[in-house]
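A.B. asks: Below you will find the structure I want to go over with you.
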Amino acid sequence: MSVQASATRTTSVDIRARKGGEPIVSLTAYHAHTAAIADKHVDFLLVGDSLGMVMHGYETTVPVPLDLMIMHGRAVVRGAKRALVVVDMPFGSYEESPPVAFRNAAHVLKETGCGAVKLEGGRQMAETIRYLVERGIPVMAHIGLTPQAINTLGGFRAQGRTEDQWARLEADAMAVAEAGAFAIVLEAIAEPLAQRITKAVPVPTIGIGASAACDGQILVMEDMLGLSPRVPKFVKEFGQVGAAIDGAIAAYAAEVKGRAFPGVEHTYAMKGSGKK
Ligand code: KIV
């Protein structure tokens with residue numbers, strides 16, 4: 001039995017049942033150590049393909065390969081014992097056809113032990129979502145600003161800021177919910193529209209740059225920790241970890257240069273010398 005299937009781990013069914021209830025707390029995670037810290041505070045952890053930009057220096061999420069998602073997915077599943085782990089399907093791994101999506105998503109589930117996958121897209125992905133869910137793969141949907149579509153969207157821009165865009169986004173939300181998605185990420189969607197979609201769909205909405213009225217919230221962990229050099233408007237920095245790392249490394253460098261580190265307490269004496 002995989003770790004993900006253990007009795008104490010949150011499942012996609014638990015998340016789905018939280019519609020309209022206590023807000024769902026989630027973050028992205030890419031490593032075992034940060035997943036372990038976040039585990040007691042969050043309901044689910046997303047191994048987002050944002051890792052390509054945050055961790056690997058890509059300019060967009062488009063180049064992220066499936067193998068990279070699997071490697072980070074395994075680390076997060078090992079680190080987190082109770083949160084549901086959701087792994088992003090990267091660009092090119094699911095759009096071609098439902099069977100291709102199934103093959104790749106099943107590979108992700110088997111290799112990582114995660115409990116669900118996430119994929120981007122609205123009405124155009126509904127058939128694929130239904131195909132996966134009917135065959136045992138829980139799917140989180142993602143609409144609004146879908147970063148994998150950066151080349152057709154023309155930039156990282158908020159969506160639904162004029163009312164003529166609302167019908168399209170509402171139809172996307174309804175289509176993915178009807179297809180069986182257990183939750184929907186609403187990214188960078190005008191606040192009133194995010195509220196409206198949250199009221200309309202029967203599954204939890206997870207906001208990122210959307211609305212406090214969503215059924216839950218997600219942020220990229222590095223962004224909210226204050227580790228990212230530039231963050232979008234919707235990010236609140238809850239910590240200054242980047243500054244703390246900078247200060248610690250500066251202190252280390254100064255002590256190395258001044259021969260203050262290592263101190264005697266960090267070195268090994270000879271056996272029998274009476275010293276530790
Ligand atoms: O890749 C990611 O981190 C995401 C979140 C921003 C929702 O999709």
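The values are calculated or read from the model by the stated rules, or taken from the named source; none is laboratory data. Because the structure is a prediction, the values reported are computed rather than measured. Heads up, the Cβs are rebuilt from the backbone with ideal geometry, glycines too, and the neighbour counts pull from every protein chain shown. For the accessible areas, the whole protein counts, side chains as well, though only heavy atoms, and no ligand, DNA or RNA atoms are used. Shrake-Rupley method; radii C 1.70, N 1.55, O 1.52, S 1.80 Å.
A.B. asks: Which residues, counting only those in the stretch 201-240, are under 22 Å from TYR58 (Cα atoms), at pLDDT 95 or above and away from the ligand (no atom under 16 Å from the Cβ)?
C.D. replies: Residue satisfying the conditions is GLY226 alone.
A.B. asks: Considering the stretch 110-125 alone, what residues qualify as being more than 16 Å from the ligand (Cβ to nearest atom) and out of contact with any helix residue (DSSP H, G or I) (no Cβ under 8 Å at 6 or more places or on another chain)?
C.D. replies: LYS110, GLN124 - these are the residues of the stretch 110-125 that are more than 16 Å from the ligand (Cβ to nearest atom) and out of contact with any helix residue (DSSP H, G or I) (no Cβ under 8 Å at 6 or more places or on another chain).
A.B. asks: Checking the condition under 28 Å from the mean Cα position of the chain (by Cα) and among the small types (Gly, Ala, Ser), which residue from ALA260, ALA269, ALA212, ALA251 passes?
C.D. replies: On the way: ALA260 fails: under 28 Å from the mean Cα position of the chain (by Cα); ALA269 fails: under 28 Å from the mean Cα position of the chain (by Cα); ALA251 fails: under 28 Å from the mean Cα position of the chain (by Cα).
One residue alone meets the criteria, ALA212.
A.B. asks: Within the stretch 83-93, is even one residue open to solvent by 10 Å² or more (accessible area, probe 1.4 Å), on the phi < 0 side of the Ramachandran plot and more than 14 Å from the ligand (Cβ to nearest atom)?
C.D. replies: The answer is no; no qualifying residue exists.
A.B. asks: Another one. Suppose we filter ILE189, ILE184, ILE218, ILE208 for residues that are in contact with a Gly (Cβ under 6 Å, 6 or more places away or on another chain) and either closer than 28 Å to GLU127 by Cα or among the polar types (S, T, N, Q) (or both); which single one remains? Break it down stepwise before answering.
C.D. replies: Values: ILE184 fails: in contact with a Gly (Cβ under 6 Å, 6 or more places away or on another chain); ILE218 fails: in contact with a Gly (Cβ under 6 Å, 6 or more places away or on another chain); ILE208 fails: in contact with a Gly (Cβ under 6 Å, 6 or more places away or on another chain).
The match here is ILE189.
A.B. asks: Can you name every one of the helices (runs of 4 or more DSSP H) wholly within the stretch 149-224 that holds 1 or more residues which are among the polar types (S, T, N, Q)?
C.D. replies: On the way: elements: 150-153, 166-179, 191-200, 221-224.
Result: 150-153, 191-200.
A.B. asks: While we're here: Name every residue in the stretch 27-59 that is among the hydroxyl-bearing types (Ser, Thr, Tyr), in contact (Cβ under 8 Å) with a residue 60 or more places away in the chain, open to solvent by 10 Å² or more (accessible area, probe 1.4 Å) and outside any helix (DSSP H, G or I), in order of residue number.
C.D. replies: If the condition is that a residue be among the hydroxyl-bearing types (Ser, Thr, Tyr), in contact (Cβ under 8 Å) with a residue 60 or more places away in the chain, open to solvent by 10 Å² or more (accessible area, probe 1.4 Å) and outside any helix (DSSP H, G or I), then SER50 is the only one that fits.
A.B. asks: What do you reckon, is ALA244 assigned to a helix (DSSP H, G or I), at negative phi and without any contact (Cβ under 8 Å) to a residue 40 or more places away in the chain?
C.D. replies: yes
A.B. asks: Within the set of pairs 6+ apart or on separate chains, which have a first residue in the stretch 135-152 that is closer than 22 Å to ARG16 by Cα, a second that is modelled with pLDDT under 95 and open to solvent by less than 10 Å² (accessible area, probe 1.4 Å), and C-beta atoms under 9 Å apart?
C.D. replies: GLY144/GLY160
A.B. asks: Also, quick follow-up: Condition first: in contact with a helix residue (DSSP H, G or I) (Cβ under 6 Å, 6 or more places away or on another chain) and more than 15 Å from the ligand (Cβ to nearest atom). Now tell me which residues in the stretch 183-197 satisfy that.
C.D. replies: Selection gives LEU193, ILE197.
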